Every structure is written in C-alpha cells, then in structure tokens.
1. Return the calculated 222 nm mean residue ellipticity for the chain, to the nearest 500 deg cm²/dmol, obtained by summing -39500 (n - 2.57) across DSSP H runs with n ≥ 4 and dividing by the residue count.
2. Report the charge-dipole magnitude of the range 23-167 in Debye, nearest 20, computed about the Cα centre from +1 at each Lys and Arg Cβ and -1 at each Asp and Glu Cβ.
3. Based on the mean of other Cβ atoms within 10 Å per residue, sort peptides 198-206, 60-68, 210-218, 182-190 so the most packed one is first.
4. In terms of modelled amide H atoms, which long-range or inter-chain residues lie less than 5 Å from the amide H of Ala225?
5. Can you give me the long-range amide H partners of Leu151? Hydrogens built in the peptide plane at 1.01 Å from N, cutoff under 5 Å, separation of 5 or more residues or another chain.
6. Using θ = phi - 60° and the Karplus curve 6.51 cos²θ - 1.76 cosθ + 1.60, what whole-Hz ³J(HN,Hα) does each residue of the range 56-63 get, with Gly and Pro shown as x?
7. With every protein chain in place, what's the accessible area of Asp246 (1.4 Å probe, Å², nearest 10)?
8. When the chain is treated as a GNM, springs tying every alpha-carbon pair under 10 Å, which of Lys98, Lys164, Lys176 comes out with the largest mean-square fluctuation?
Amino acid sequence: MNADGGEFYVGYLPHAPAGLARALRWRALALLGFVGLVAVLVVCSHGLRPAARFEYGAPVELAGTVVARPYPHLNVRRPGRVGTLAPVSSYALVAPWKHGADALVAGFDGENVRLRATLAYRDGVVVAELEPGSVRREPGPSTPAPAPQDLGRRTLVGEIVDSKCFFGVMNPGELKPHRACAVRCISGGIPPVLCVRDAAGRASYFLLVSSAGEALNHAVLDFVAEPVEITGEVERRGDILVLRADPATYRRLE
C-alpha cells in the first residue's frame, strides 16, 4: 500500500494487489467490449447495398452482339415474351481492375460472340467484367439494339459515377469517399454515368456521351463525385438512357 492507504503495484512484483487487479480486469473488459461494439457498427454502416451485387468468383457465359461505340457493351436478346421491356438487354462491358474493355473487344464490333464475364448489377443495370481472352465469334445472326428513341432536351442534376464500381464492384461506389477510385476508373475507360435521384430517392441512370455521341472520359473527371447540373439531349437505346451534352457546359453545384 502507498502512504494514503491505497493499493500500490510495482512492476517487478509477481502479482498485483487483488483490488487493483480486479479494477484493471473490469476496465480491460469494458474497453474490449467498447472496441467490439465500434467494430460492429462500422461493419454494419458499410454493409453491401441490397440493390447492388458483384458475383466475384462466379463468371458466367454470355452470348450476344458486341457494340464497341461509344462504350463497349453486349446486346443480348431477351428470351420469350418481353411485354413492355426492351427486346434486347444491353450489358456494359469492362475489363478487370480499372480499365475499359475497348482492347478486349477490338475487332469484334458488330459481331455475334460468346464470352465469359463476372456480373455486377444494381437497379436492373448489368455490368459485365470480361475475362481476358474469352471473347470468341459465335455463329448466328447478330442482335442489334432497338432504334434510339428521342426523349427531348432535359436539365438533370445528379452525381457522375463510374459504372463498374457503382453498380456493385465497390462499396461505397459513390460520393466523396469514392472520388479518387472513380476518377481512376473513368480515366481508364470505364463508362461514366450520371446518377439522378427523384424526391423519393429513386434513381435513374444516364450514360454520358458528347454532343456528337462519342465517348468522353477525361473530359468529365473534374466533375466526378460532385453535385452537377447537365443540360442535353436524352435518348433511350433499348434499356439504356443516354445523355448527349458538351462537357464544357456542365455546371458544378454548391
């Protein structure tokens, strides 16, 4: 004991006094419990979004027609009666890591192919990460997309995201925490998409192209993960909405 009558422990002694040992034991348990609770809360707050999935380690075979421009995608004919759905599904094609699929589908534009890919999907939008070297020509008629449908000129407010991460490969795949990754992906050829939410939080997605309908990647990098207003021509290509606008007219919002 010390001069005040309290327990005192010297480090070289084999055992701490009983009262002091008991107090330290409870404090250590409380600290471990607190750390565990914080870990659980962090994990829960970063849980996968219910609408987004990435089927990592489970590649599938797809058959359809490659369209290389403005960004590579695969047109796949829907089986059976489609009702009000577009008769053709369009899957965006990307390469592994932070790269677009242009090099992997070079020479296959407009051709019927069979390929292997790992799927990511969210809100009905499908992105297929190609397995390098798996694309091969497939006999049979091509599957062209329906003719574009002009939906008029619109002003849209939303966030520019990279379509690979946002639709399931990363979490979170949006907003400031993901900005650096999204910039790398889009600069590497991943198609940029404008995510627009209505008052109820429902999202619509617009593939971003130039006024001439060409791919634009580096031109949008300064606006990624920022609130942005874009005015341009909207068209529907099957189940894809496309926004044609000059990036010089994009307006960052405060």
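1. That calculation yields -5000 deg cm²/dmol at 222 nm.
2. Values: 17 positive and 12 negative charges, 90 e Å.
Once rounded to the nearest 20, the dipole reads 440 debye.
3. Ranking, from highest mean packing down: 182-190, 60-68, 210-218, 198-206.
4. Ile160
5. Correct list: Val234, Glu235, Arg236.
6. 4, x, 9, x, 10, 8, 10, 10
7. 70
8. For the chain, modelled as a Gaussian network with Cα springs under 10 Å, the answer is Lys176.
The values are calculated or read from the model by the stated rules, or taken from the named source; none is laboratory data. The structure presented is a predicted model; accordingly, all values stated were derived computationally and were not measured. Every residue, glycine as well, gets a Cβ built from its backbone with ideal geometry; the counts of neighbours run over all protein chains shown. Note: areas computed on protein heavy atoms with side chains; ligands, DNA, RNA excluded. Shrake-Rupley method; radii C 1.70, N 1.55, O 1.52, S 1.80 Å.
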